[in-house]
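Written out below as structure tokens is the structure these notes cover.
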Amino acid sequence: MENNQSKLRLGVNIDHVATVRNARGGAYPDPLRAALLAEKAGADGITAHLREDRRHITDTDIEALMDGLSVPLNFEMAATEEMQKIALRHKPHAVCIVPEKREERTTEGGLNVAREENKLAHFIAPLHDAGCRVSIFIAAEMKHIEAAHRIGADIIELHVGPYCDAFTEGRFDVSDVELERLREMSAFAHELGLEIHAGHGITYDTVKPIAAFPEVMELNIGHFLIGEAIFDGLENTIVKMRTLMDEARA
Ligand code: PXP
């Protein structure tokens with residue numbers, strides 16, 4: 001997966017398959033089954049967020065994904081001791097550090113790397129030693145990109161939610177500004193030598209301008225794909241998203 005530098009990779013986030021399963025507390029739909037179908041449809045990686053409150057993905061899901069996947073797992077987690085232990089036990093291909101608040105519905109904002117620089121530098125060192133690539137989910141701001149670079153992160157994942165949400169809500173004056181910020185900050189981070197990923201809130205309507213940034217190497221997409229799969233099936237939905245990404249990149 002790492003060798004083809006020009007191809008934009010698609011990471012499929014399967015958290016919300018687990019959300020539907022947990023609504024009934026049973027065994028289906030099974031996130032691993034969705035992940036294997038996503039692989040078959042062309043996903044280059046699978047993303048799963050083990051939240052502190054286990055509201056969707058569970059510890060058992062992470063074990064099943066580690067055992068069952070052929071593509072890399074991007075393990076999203078908060079910077080807590082508990083999660084660090086779990087990551088060190090499984091040694092996933094990549095760990096993406098995200099901010100987490102119990103009361104939030106989804107990840108709100110990026111990590112404040114500029115404020116937590118020392119703490120995060122110590123936190124990611126053992127993950128690197130274990131062979132994990134370390135990604136930091138941040139807002140597209142210079143101070144956070146510079147701090148991510150200083151602490152030795154391999155990857156930054158840019159929070160594209162402000163662009164996607166503004167576009168989806170028809171606030172195009174805002175979405176234009178946000179897109180321009182993402183363009184400038186992608187170029188800036190690339191110059192520092194960081195690998196750039198992007199995620200949060202991406203839909204068929206918002207994917208192309210982000211996919212067109214030559215510096216962006218991976219998109220992580222979840223909620224829209226799982227929602228759209230209700231109408232069109234997961235495989236079709238992923239194939240369509242992949243096609244839009246490839247068109248934007250061509
Ligand atoms: N990337 C990160 C770091 C996230 O926290 C999330 C949401 O869990 C995503 C990508 C996927 O966002 P969405 O589900 O809105 O596509």
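Remarks
- Verdict on residue 206 being open to solvent by less than 20 Å² (accessible area, probe 1.4 Å) and over 16 Å from residue 159 (Cβ atoms): no
- Considering the range 214-228, and only residues there that are within 16 Å of the ligand (Cβ to nearest atom) and without any contact (Cβ under 8 Å) to a residue 60 or more places away in the chain, the residue that is nearest to residue 45 (Cα to Cα) turns out to be 224.
- With respect to the conditions (1) more than 13 Å from the ligand (Cβ to nearest atom); (2) touching a strand residue (DSSP E or B) at 6+ places or on another chain (Cβ under 9 Å), residue 136 falls short on a single one, namely (1).
- Conditions (1) touching a strand residue (DSSP E or B) at 6+ places or on another chain (Cβ under 9 Å); (2) at pLDDT below 95; (3) more than 16 Å from the ligand (Cβ to nearest atom); number of the one not met by residue 107: (3)
- Residue in the range 146-164 that is farthest from the ligand (Cβ to nearest atom), counting only those that are open to solvent by 60 Å² or more (accessible area, probe 1.4 Å) and farther than 23 Å from residue 177 by Cα: 150
- A Cβ distance below 8 Å, combined with a sequence gap of six or more or placement on separate chains, defines the contacts here; from the range 185-213, residues that are part of a helix (DSSP H, G or I) reach residues that are open to solvent by 50 Å² or more (accessible area, probe 1.4 Å) in the pairs 185/141; 185/142; 188/142; 189/149; 208/247; 211/249.
- Every condition in (1) open to solvent by less than 20 Å² (accessible area, probe 1.4 Å); (2) in contact with an Asp or Glu (Cβ under 8 Å, 6 or more places away or on another chain); (3) among the charged types (D, E, K, R) holds for residue 61 except the one numbered (2).
- In summary, residue 143 fulfils each of the numbered conditions (1) farther than 16 Å from residue 79 by Cα; (2) surrounded by 15 or more Cβ atoms within 10 Å (Cβ to Cβ) with the single exception of condition (2).
- Unmet criterion (only one of (1) in a loop (DSSP other than H, G, I, E, B); (2) within 19 Å of the chain's Cα centre (by Cα); (3) more than 25 Å from residue 136 (Cα to Cα)) for residue 34: (1)
- From the list 167, 188, the one residue that fits, being open to solvent by 40 Å² or more (accessible area, probe 1.4 Å) and within 16 Å of the ligand (Cβ to nearest atom), is 167.
- In the set 36, 32, only one residue is in contact with a helix residue (DSSP H, G or I) (Cβ under 7 Å, 6 or more places away or on another chain) and either at pLDDT below 95 or open to solvent by 60 Å² or more (accessible area, probe 1.4 Å) (or both); that residue is 36.
- Selection status of residue 85, open to solvent by 30 Å² or more (accessible area, probe 1.4 Å), farther than 28 Å from residue 143 by Cα and of a type in the set (D, E, K, R): yes
The values are calculated or read from the model by the stated rules, or taken from the named source; none is laboratory data. This one's a predicted model, so the numbers in the text were calculated from it and none came from an experiment. Virtual Cβ from ideal backbone geometry, glycine too; neighbours counted across all protein chains shown. Just the protein is used for accessible areas: all its heavy atoms, side chains included, with ligands, DNA and RNA removed. Shrake-Rupley method; radii C 1.70, N 1.55, O 1.52, S 1.80 Å.
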